[in-house]
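**Student:** Can you keep this structure in mind? I'll have questions shortly.
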Amino acid sequence: MNKPKPLISAILNLNLHPKPLFSNPIHLMALTQTRITHSDPPQNDAEDDVLCSNPEQTQEEQPSSHSLDETPSFVGSPGKYLTGVSRFERAWAHWTKLGRPKLIVAPMVDNSELPFRMLCRKYGAEAAYTPMLHSRIFNENPKYRSEEFTTCKEDRPLFVQFCANDPDILLEAARRVESHCDYVDINLGCPQRIARRGYYGAFLMDNLPLVKSLVEKLALNLNVPVSCKIRVFPKLEDTLKYAKMLEDAGCSLLAVHGRTRDEKDGKKFRADWNAIKAVKNELRIPVLANGNIRHMDDVRNCLEEMGADGVLSAETLLENPALFAGFRTSNWVVDNEKDSIDGKLDQADLVVQYLKLCEKYPVPWRMIRSHVHKMLGDWFRVQPQVREELNAQSRLTLEFLYGLVDQLRELGVRVPLHQKDDASATGNLAEVIGI
């Protein structure tokens with residue numbers, strides 16, 4: 001998926017209808033009771049960087065937000081997740097307190113934002129990561145903080161993920177959010193070119209002393225645990241040494257993407273579950289598996305065969321946010337038609353629910369545009385002229401997007417999501433994930 005140019009440029013140039021259950025959003029900037037406005041127009045036609053908003057919301061209706069810019073007050077002594085042998089017990093006690101979530105929304109740049117996380121949670125996700133946040137820009141730029149990280153009280157358990165290559169800068173960013181999340185996560189797995197240029201993500205695998213210093217800095221100074229997300233080395237023994245080093249440095253939870261730094265194409269390269277299993281067997285902290293999760297059969301197999309403590313999904317959730325509720329897209333039922341039934345839910349339904357969440361929790365239009373393209377990709381292949389209408393819109397509105405869904409329906413397009421017609425399989429899965 002093409003990354004939105006405005007955000008990449010900023011990083012490089014700065015050295016079922018939804019149920020009204022969710023509370024007011026928390027923005028990472030002190031917002032007042034006044035309505036969100038956009039008096040400063042975007043430059044260089046960066047319309048997709050403008051926040052969407054509900055034009056009918058009055059000043060009195062505007063939700064109040066909690067300030068996350070103030071220095072958090074520490075509870076207890078810093079570094080409690082690093083000192084002593086009992087840190088492993090603390091790591092597990094914390095994970096258990098959160099309910100040992102097994103179905104988790106992976107971090108996705110510009111795509112695992114608050115409205116999408118809440119949509120996935122509605123359909124079975126038990127925890128979620130924020131998009132990767134650039135630690136230096138996060139500290140320096142109030143606008144970046146307020147737009148790129150929002151949350152609400154129902155948005156838990158929550159991992160806030162940062163990329164970084166400087167321990168002090170990372171700690172400053174982490175302290176801004178630690179009282180509003182359950183883990184501060186370090187991105188050690190991004191394999192993209194921008195991560196190479198910025199010297200973060202998977203490209204820190206070439207500098208393990210720096211990686212160790214990042215983990216230790218957070219583990220010694222935060223009151224929430226530090227987690228890490230990594231990719232594997234080509235050699236298993238290197239991966240195991242890497243994972244053990246992270247654990248020894250104070251990492252309390254490790255998510256392992258079973259592909260190497262060079263294996264960027266998830267459709268071309270299968271994730272190595274055996275490597276994840278080896279890491280799980282080596283460590284004494286919770287280990288999550290990332291890769292090859294296309295439907296709930298994969299979830300069950302991963303949990304059973306790998307012994308992972310949870311699974312992360314990214315690309316599949318973008319197309320089908322109802323994955324964890326047992327729904328699957330048609331491309332995963334072609335060879336198994338007799339076992340699948342129409343789930344009475346489709347991606348257009350999910351788009352409408354997502355848009356309603358965006359009304360409640362405004363996010364930049366570029367994120368909304370990306371999600372609409374992903375969720376309606378199969379529909380656009382049937383009616384490509386509707387996709388062209390979307391692409392032609394330099395300035396989106398919610399009204400236009402609702403109308404686009406209506407247009408697809410009026411054209412007779414419907415691509416249903418499917419569920420397995422297999423009660424025993426559902427029961428087995430419930431037993432595996434502990435529900």
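**Student:** How high is the FRET efficiency between D166 and D262 when r is their beta carbon distance and R₀ equals 30 Å, given to the nearest 0.05?
**Tutor:** 0.70
**Student:** Using only C-alpha positions, report the orientation-averaged shadow area of the convex hull of region 84-326, nm², one decimal.
**Tutor:** Mean projected area for region 84-326: 11.7 nm², to one decimal.
**Student:** Alpha carbon centre of region 201-231 versus region 238-260: separation in Å?
**Tutor:** Centre-to-centre distance over Cα atoms comes out at 10 Å.
**Student:** Evaluate the charge dipole of region 327-423 about its Cα centre and quote only its size in Debye, nearest 20, assuming +1 on the Cβ of each Lys and Arg and -1 on the Cβ of each Asp and Glu. Spell out each step's value before the answer.
**Tutor:** Numbers: 14 positive and 15 negative charges, 91 e Å.
Here the size comes out at about 440 debye.
**Student:** Also, I was wondering about something else. Rounded to the nearest 0.05, what FRET efficiency is calculated for E315 and E89 with R0 set to 35 Å and r the Cβ-Cβ distance? Don't jump to the answer; show the numbers that get you there.
**Tutor:** Numbers: r = 35 Å, r/R0 = 1.01.
Approximately 0.50, to the nearest 0.05.
**Student:** Only sites in a loop by DSSP and with at most 11 other Cβ atoms within 10 Å count here; which trypsin sites (Lys or Arg not before Pro) in region 176-252 make the cut?
**Tutor:** On the way: sites: R176, R193, R196, R197, K212, K217, K229, R231, K235, K241, K244; in loops: K235.
Loop-located and lightly packed - K235.
**Student:** Between region 115-185 and region 360-388, how far is it from one alpha carbon centroid to the other, in angstrom?
**Tutor:** 24
**Student:** Pop the C-beta distance of D342 and N207 into the FRET formula with R0 = 45 Å and round what comes out to the nearest 0.05.
**Tutor:** In this case the efficiency is close to 0.30.
**Student:** Still on this structure, please answer the following. Using the 2.2 N^0.38 Å rule of thumb for compact globular proteins, work out how region 161-291 stacks up: its C-alpha Rg over that value, please.
**Tutor:** With N residues counted in region 161-291, Rg over 2.2 N^0.38 Å equals 0.99.
**Student:** What is the Cα coordinate range of region 327-423 on the first, second and third principal axes, sorted by size from largest, in whole angstrom?
**Tutor:** 44, 29, 20
**Student:** Apply the Karplus curve 6.51 cos²θ - 1.76 cosθ + 1.60, θ = phi - 60°, to the phi angles in region 318-328 and return the couplings in whole Hz, x for Gly and Pro.
**Tutor:** Residue by residue, region 318-328 yields 4, 7, 9, x, 8, 3, 6, 8, x, 8, 9 Hz.
**Student:** Expected output is a single nm value to one decimal: the length gained when fully extending between K97 and E282, i.e. 0.36 nm times separation in residues minus the C-alpha distance. What is it?
**Tutor:** Gain on extension, K97 to E282, equals 64.3 nm.
**Student:** Whose amide H sits under 5 Å from the amide H of F233, counting only residues 5 or more places off or on another chain, with H placed in the peptide plane?
**Tutor:** Distant-sequence amide H within range of F233: T239.
**Student:** If you average the sequence gap of Cα pairs under 8 Å that are 6 or more apart and divide by the length of region 243-337, what percent do you get for the contact order?
**Tutor:** Taking the mean separation of contacting Cα pairs over the length of region 243-337, I get 24 percent.
**Student:** Would you mind estimating how fast region 240-334 diffuses translationally, via Stokes-Einstein at 4 °C and 1.567 mPa s with the Kirkwood radius over Cα pairs, in µm²/s? Walk me through the numbers before you get to the answer.
**Tutor:** Working: Rh = 14.0 Å.
Value of D from the Cα-based Kirkwood radius: 92 µm²/s.
**Student:** Okay, moving on. If the chain between F400 and D421 were fully stretched, how many nm would it gain, using 0.36 nm times the residue separation less the Cα-Cα distance?
**Tutor:** Contour length minus the Cα-Cα distance gives 3.9 nm.
**Student:** With unit charges on the beta carbons (Lys and Arg positive, Asp and Glu negative) and the dipole taken about the Cα centre of region 327-423, which residue among G412, L396, G377 sits farthest to the positive side?
**Tutor:** Of G412, L396, G377, it is L396.
**Student:** Distance in nm between label sites at N301 and K153, each 7 Å beyond Cα in the beta-carbon direction?
**Tutor:** 4.2
**Student:** On the accessible surface of region 84-326, probed at 1.4 Å, how many percent belong to carbon and sulfur atoms? Numbers along the way, then the final one.
**Tutor:** Details: 3810 of 8150 Å².
Carbon-and-sulfur percentage of accessible area, whole number: 47.
**Student:** Accessible area, 1.4 Å probe, largest first: how do C358, C190 sort?
**Tutor:** Most to least solvent-accessible, the answer reads C190, C358.
**Student:** Okay, next question. In nm, what is the difference between 0.36 nm times the number of residues separating Q385 and Q407 and their Cα-Cα distance?
**Tutor:** Values: separation 22, 0.36 × 22 = 7.92 nm, distance 1.09 nm.
Extra length from Q385 to Q407 when fully extended: 6.8 nm.
The values are calculated or read from the model by the stated rules, or taken from the named source; none is laboratory data. All figures in this text were calculated on a predicted structure; none of them were measured in a lab. With ideal geometry, Cβ positions are generated from the backbone for all residues, glycine too; neighbour counts draw on all protein chains shown. Note: areas computed on protein heavy atoms with side chains; ligands, DNA, RNA excluded. Shrake-Rupley method; radii C 1.70, N 1.55, O 1.52, S 1.80 Å.
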